[in-house]
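Engineer: Before I ask anything, here is the structure I am working with.
Every read-out reported here was derived from the displayed coordinates using simple, explicitly stated rules and does not represent laboratory data. This structure is a prediction, so every number in the text was calculated from the model and none was measured. Using ideal geometry, Cβ is built from the backbone for each residue, glycine included, and neighbour counts are taken over all protein chains shown.
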Amino acid sequence: KAGVTQTPRYLIKTRGQQVTLSCSPISGHRSVSWYQQTPGQGLQFLFEYFSETQRNKGNFPGRFSGRQFSNSRSEMNVSTLELGDSALYLCATNDLQGGTDTQYFGPGTRLTVL
Amino acid sequence: GENVEQHPSTLSVQEGDSAVIKCTYSDSASNYFPWYKQELGKRPQLIIDIRSNVGEKKDQRIAVTLNKTAKHFSLHITETQPEDSAVYFCAARGGNNRLAFGKGNQVVVIP
């Protein structure tokens, strides 16, 4: 099976702009989680979607939002970008119905806010 | 929610020696504990995981131990090799069903 893919791989934006990132899960995986990775902070959980519904949410401001489509692809949106939003955004998918907790990560989108 | 702490933040070992990374967690309802390895510029990859009904799991040179009473779990790498150099993340899935990660541990294997 093809792995988790994320687009775009790199983005440069300026403060105040908004951005949309995309994640395509492994075929058959219906759960998609999003993480923000910054140096020294590790991976911080943003939210999780399952069957088009947000099932879990981390402690990020409302500027961070997401959605999931019927084909399990997910998007996350960050509005009114701030310098501190510069980070690697990773999505991870898993096959919950397969009875496993294993999460498979995508390559990430590197967002730079100037 | 779950809080996972990881120590030490950086670990240097001589090639062939063992490396041990320890993580502690706060939520006693946590039941799943994976370890991920992230090489520079690459995505995190699962290397081993353990569930709360098991005390130890081994896969070749890698092992994980879990102490539910003390709420800590550790990654053991034996006979380290240069390709083991990476950042290692521990994680725990708590009662809120969310996977909480530690901040990572940089392991450097010195040839």
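Engineer: Can you run phi through the Karplus equation (6.51, -1.76, 1.60; θ = phi - 60°) for the stretch A:108-114 and list ³J(HN,Hα) in whole Hz, with x for Gly and Pro?
Structural biologist: Coupling constants for the stretch A:108-114: x, 10, 8, 9, 10, 10, 9 Hz.
Engineer: Under 1.5 on a/c is rounded, so check that first for the stretch B:39-111, then, if it is not, pick prolate when a/b is larger than b/c and oblate when it is not; a ≥ b ≥ c are the square roots of the alpha carbon gyration tensor eigenvalues.
Structural biologist: It comes out oblate by the Cα gyration axes.
Engineer: With an 8 Å Cα cut-off and a minimum separation of 6 or more residues, compute the relative contact order for chain B in percent.
Structural biologist: 38 percent
Engineer: Can you sort A:Asp85, B:Asp59 by how many other beta carbons sit within 10 Å, fewest first? Each step should come with its number before you reach the end.
Structural biologist: On the way: A:Asp85 20, B:Asp59 10.
The order, fewest Cβ neighbours first, is B:Asp59, A:Asp85.
Engineer: Right, another one. Take chain A, connect every pair of alpha-carbon atoms lying under 10 Å apart with a spring to form a Gaussian network, then pick out the residue of A:Gly28, A:Gly62, A:Gly84 with the largest mean-square fluctuation.
Structural biologist: A:Gly62
Engineer: Build a GNM of chain B with springs between Cα atoms under 10 Å: which of B:Glu83, B:Glu15, B:Glu39 gets the top mean-square fluctuation?
Structural biologist: B:Glu83
Engineer: Here's something else I'd like to know. Quick one: net charge around B:Ser18, please, counting Lys, Arg +1 and Asp, Glu -1 for every other residue with C-beta under 12 Å from its C-beta.
Structural biologist: With Lys, Arg at +1 and Asp, Glu at -1, the neighbours total -3.
Engineer: Taking other Cβ within 10 Å of each residue's Cβ, how do B:His72, B:His7, A:His29 sort, fewest first?
Structural biologist: On the way: B:His72 17, B:His7 14, A:His29 21.
In increasing order of surrounding Cβ atoms, one gets B:His7, B:His72, A:His29.
Engineer: Only Lys, Arg, Asp and Glu count, each charged at its Cβ (+1, +1, -1, -1), so figure out the dipole size of the stretch A:1-94 about its Cα centre, rounded to 20 debye.
Structural biologist: Using only the charged Cβ atoms, the result is roughly 120 debye.
Engineer: Suppose every Lys and Arg Cβ carries +1 and every Asp and Glu Cβ carries -1, with no other charges. What dipole size does the protein assembly as shown come out with about its Cα centre, to the nearest 20 debye?
Structural biologist: On the way: 24 positive and 19 negative charges, 125 e Å.
Charge dipole of the protein assembly as shown: 600 debye, to the nearest 20.
Engineer: Treating cross-link reach as a plain straight distance, find the lysines whose alpha-carbon is under 17 Å from the alpha-carbon of B:Lys42, omitting any fewer than eight places away in the same chain.
Structural biologist: Result set, ordered by chain and number: B:Lys103.
Engineer: Let me ask you something else. Residue farthest toward the positive end of the dipole of the stretch B:21-86, with Cβ of Lys/Arg at +1 and Asp/Glu at -1: which of B:Thr24, B:Thr78, B:Gly41?
Structural biologist: The Cα lying farthest towards the positive end belongs to B:Thr24.
Engineer: If you find the alpha carbon centre of the stretch A:1-26 and of the stretch B:21-94, how far apart are they in angstrom?
Structural biologist: For the stretch A:1-26 versus the stretch B:21-94, the Cα centre distance is 28 Å.
Engineer: May I pose another question? How would you classify the stretch B:13-61 from its alpha-carbon gyration tensor, with a ≥ b ≥ c the square roots of the eigenvalues: rounded for a/c under 1.5, else prolate if a/b is greater than b/c, otherwise oblate?
Structural biologist: Prolate, since a/c reaches 1.5 and a/b exceeds b/c.
Engineer: Which residue, A:Ser24, A:Ser70, A:Ser51, tops the fluctuation ranking in a GNM of chain A built on C-alpha contacts under 10 Å?
Structural biologist: Result for chain A, Cα springs under 10 Å: A:Ser70 fluctuates most.
Engineer: Could you compute the net charge surrounding A:Val19? Neighbours are other residues with a C-beta less than 15 Å from the C-beta of A:Val19; K and R count +1, D and E count -1. Provide the component values of the computation, followed by the final result.
Structural biologist: Numbers: positive: A:Arg9, A:Lys13, A:Arg15, A:Arg63, A:Arg67, A:Arg110; negative: A:Glu75, A:Glu82, A:Asp85.
Neighbour charge sum, excluding A:Val19 itself: +3.
Engineer: If you take every DSSP beta bridge fully contained in chain B, what fraction is antiparallel? Give it as a percent rounded to 5.
Structural biologist: Given both bridge residues lie in chain B, the antiparallel proportion sits at roughly 90 percent.
Engineer: Ok, one more. Taking amide H atoms as placed 1.01 Å from N in the peptide plane, list the residues 5 or more away in sequence, or in a different chain, whose amide H sits under 5 Å from that of A:His29.
Structural biologist: Sorted by chain and number, the residues that satisfy this come to none at all.
Engineer: Got the relative contact order for the stretch B:20-79 handy, in percent, Cα pairs under 8 Å and 6 or more residues apart?
Structural biologist: Values: 103 pairs, mean separation 21.0, N = 60.
Taking the mean separation of contacting Cα pairs over the length of the stretch B:20-79, I get 35 percent.
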